[in-house]
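Scroll down for the structure; my scribbles are underneath it.
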Ligand SMILES: [Zn+2]
């Protein structure tokens, strides 16, 4: 996972806040691009997640209540942060993507709204100075190594609907496929039983309807991360 200093490098800043070229309205955020779909977007500010949802225009959106206002990221491929979770600086907001009608290629659209949650009915302000400051302080600190957690996926373990439509569970060096709902549910029940008996070896598996379908790009990144064959 990239650090805040790496992900938000100046060379990855694209359309600035307020840009008007080729747009009906001034750009209401800062775009960070030049990363592959599936790249984990690290939080530039700490904050509690208040929104984690799909929007037809902005795709998968995560918004956190931060010291600077409501900080958001749009067009994610995978939501990485459930409502109510506190995500520290450098923790995961999700996987960068190209979702939503307004997206024209893989990028992260970063917003800052002083007073309104999503949808941003109130004013939005330029997040760029705060993001630059976060980048400078995190590079001084050597970046963050905070482990990520997201719905069904952490850097230690992942369960997802693969692009081939089978449910896949991965942890380092191991990949299991579940071809039916019953298969997965039986496995989940066995994990739940172990956890109820006090084992913390495995994360609680999400119910099947909460398991995210991932893109090929994300799937391949996860296979690489866990060291398993595609
Ligand atoms: Zn944008």
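The values are calculated or read from the model by the stated rules, or taken from the named source; none is laboratory data. Note that the structure is predicted; figures quoted are calculated from it, not measured. Heads up, the Cβs are rebuilt from the backbone with ideal geometry, glycines too, and the neighbour counts pull from every protein chain shown.
Data for the structure
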{"read-out": "Residues of the stretch 67-84 that turn out to be over 13 Å from the mean Cα position of the chain (by Cα) and not in a strand (DSSP E or B), as a count", "value": "3"}
{"read-out": "Given (1) surrounded by fewer than 17 Cβ atoms within 10 Å (Cβ to Cβ); (2) within 16 Å of the ligand (Cβ to nearest atom), index of the condition residue 53 fails", "value": "(2)"}
{"read-out": "Any chance residue 121 is without any contact (Cβ under 8 Å) to a residue 24 or more places away in the chain and either more than 25 Å from residue 159 (Cα to Cα) or outside any strand (DSSP E or B) (or both)", "value": "yes"}
{"read-out": "Residue count for the stretch 87-105, restricted to those that are under 13 Å from the mean Cα position of the chain (by Cα) and within 16 Å of the ligand (Cβ to nearest atom)", "value": "6"}
{"read-out": "Verdict on residue 64 being away from the ligand (no atom under 16 Å from the Cβ), assigned to a strand (DSSP E or B) and surrounded by 15 or more Cβ atoms within 10 Å (Cβ to Cβ)", "value": "yes"}
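Listed here are the residues, each with its yes/no results for (1) part of a helix (DSSP H, G or I); (2) modelled with pLDDT under 95; (3) in the same structural domain as residue 85 (by TED's automatic domain parsing).
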residue: 11; (1), (2), (3): yes, yes, yes
residue: 15; (1), (2), (3): no, yes, yes
residue: 20; (1), (2), (3): no, yes, yes
residue: 23; (1), (2), (3): no, yes, yes
residue: 26; (1), (2), (3): no, yes, yes
residue: 32; (1), (2), (3): no, no, yes
residue: 36; (1), (2), (3): no, yes, yes
